1. With respect to I156, determine if the residue is closer than 30 Å to S72 by Cα, assigned to a helix (DSSP H, G or I) and in contact (Cβ under 8 Å) with a residue 12 or more places away in the chain.
2. Yes or no: I102 modelled with pLDDT of 95 or more, within 15 Å of V47 (Cβ to Cβ) and among the aliphatic types (A, V, I, L, M)?
3. Mind listing just one residue for me: the one in region 32-51 that is hydrophobic (A, V, I, L, M, F, W, C) and assigned to a strand (DSSP E or B) and, of those, farthest from A104 (Cα to Cα)?
4. Mind listing just one residue for me: the one in region 169-184 that is under 16 Å from the mean Cα position of the chain (by Cα) and in a helix (DSSP H, G or I) and, of those, nearest to H107 (Cα to Cα)?
5. Among strands (runs of 3 or more DSSP E) lying entirely in region 52-99, which contain 2 or more residues that are touching a Leu at 6+ places or on another chain (Cβ under 8 Å) and at negative phi?
6. If only one of N99, N84, N22 is surrounded by fewer than 16 Cβ atoms within 10 Å (Cβ to Cβ), farther than 27 Å from T185 by Cβ and polar (S, T, N, Q), which one is it?
7. Could you grab me the full set of residues in region 128-153 that are acidic (D, E) and either closer than 20 Å to I102 by Cβ or modelled with pLDDT under 90 (or both)?
Amino acid sequence: MMTNFSNHNPPDFVQFVQFHFNMNNDALLDFKSKIASKSFKKGDKIVKRGRICDKIFFLESGLVKTLFTSDSREYIMRFFSETNIFSVLDSFIEQKPSNYEIVALEHTVVSYISYKDLQLLRVRYHEIETFYRKLLSTAVIDMMTRIGRSLEETGIVAYNKFLKNQGYLLQRISLADLASYLGITQVSLSRIRGKN
């Protein structure tokens, strides 16, 4: 959702929020008091299909993918690496079971805030309401851009854009996952990589 905070010492969730949203000290301290953390092994499901996603996550370390499965085929929507905020937003907003899963691709450590705590803070602090609103706006724009690209781009164009925007992930994801993300077969991806 919000990406690539570049710094030699990657920020934690609170630092990230302060940097991007400039909260006052009371709001920031209250926000910090609600943050928890958890680690996941490679292959663990952070959000399971059919369960309500009741957290907004911040990726401290590791790599995750958001996906859905249809007819035994996996469709990858996004990859998230360090210093990214992620969630299954439709499930989070409506508090309904998720159609998507979020899976750890590496040992992963996340910080998170719960739906309940975030709602309480939104009522209490205007800055946290603004943070939440901007987060949702950014996520919608990112998703619309992703959908538009997937409808318009050929495999080679999509691959080259991936290299330009997320090439740093290439050594960390499988070719099967990359092909799924690009919406092409592994055979097509191998051909494209051979031409490059």
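1. Details: closer than 30 Å to S72 by Cα: yes; assigned to a helix (DSSP H, G or I): yes; in contact (Cβ under 8 Å) with a residue 12 or more places away in the chain: yes.
Considered against the rule, which asks whether it is closer than 30 Å to S72 by Cα, assigned to a helix (DSSP H, G or I) and in contact (Cβ under 8 Å) with a residue 12 or more places away in the chain, I156 comes out as yes.
2. Values: modelled with pLDDT of 95 or more: yes; within 15 Å of V47 (Cβ to Cβ): yes; among the aliphatic types (A, V, I, L, M): yes.
When the stated conditions are applied, I102 passes them.
3. Looking only at region 32-51, we keep the residues that are hydrophobic (A, V, I, L, M, F, W, C), and these are 35-36, 40, 46-47.
Within this subset, residues satisfying the condition of being assigned to a strand (DSSP E or B) are 36, 40, 46-47.
Numbers: A36: 18, F40: 7, I46: 7, V47: 10 Å.
Across region 32-51, the extreme among qualifying residues is A36.
4. Residues of region 169-184 under 16 Å from the mean Cα position of the chain (by Cα): 169, 172-173, 177-178, 181.
Those left that are additionally in a helix (DSSP H, G or I): 169, 172, 177-178, 181.
Details: L169: 15, R172: 12, D177: 17, L178: 19, Y181: 21 Å.
Result: R172.
5. Details: elements: 55-61, 63-70, 73-81.
Result: 63-70, 73-81.
6. Numbers: N99 fails: farther than 27 Å from T185 by Cβ; N84 fails: surrounded by fewer than 16 Cβ atoms within 10 Å (Cβ to Cβ).
Among N99, N84, N22, only N22 is surrounded by fewer than 16 Cβ atoms within 10 Å (Cβ to Cβ), farther than 27 Å from T185 by Cβ and polar (S, T, N, Q).
7. Let us first name the residues in region 128-153 that are acidic (D, E), namely 129, 142, 152-153.
Hits for region 128-153 are D142, E152, E153.
The values are calculated or read from the model by the stated rules, or taken from the named source; none is laboratory data. Quick caveat: nothing in here was measured; it's all calculated off a predicted structure. Cβ atoms come from the backbone with ideal geometry, glycine included; neighbour counts cover every protein chain shown.
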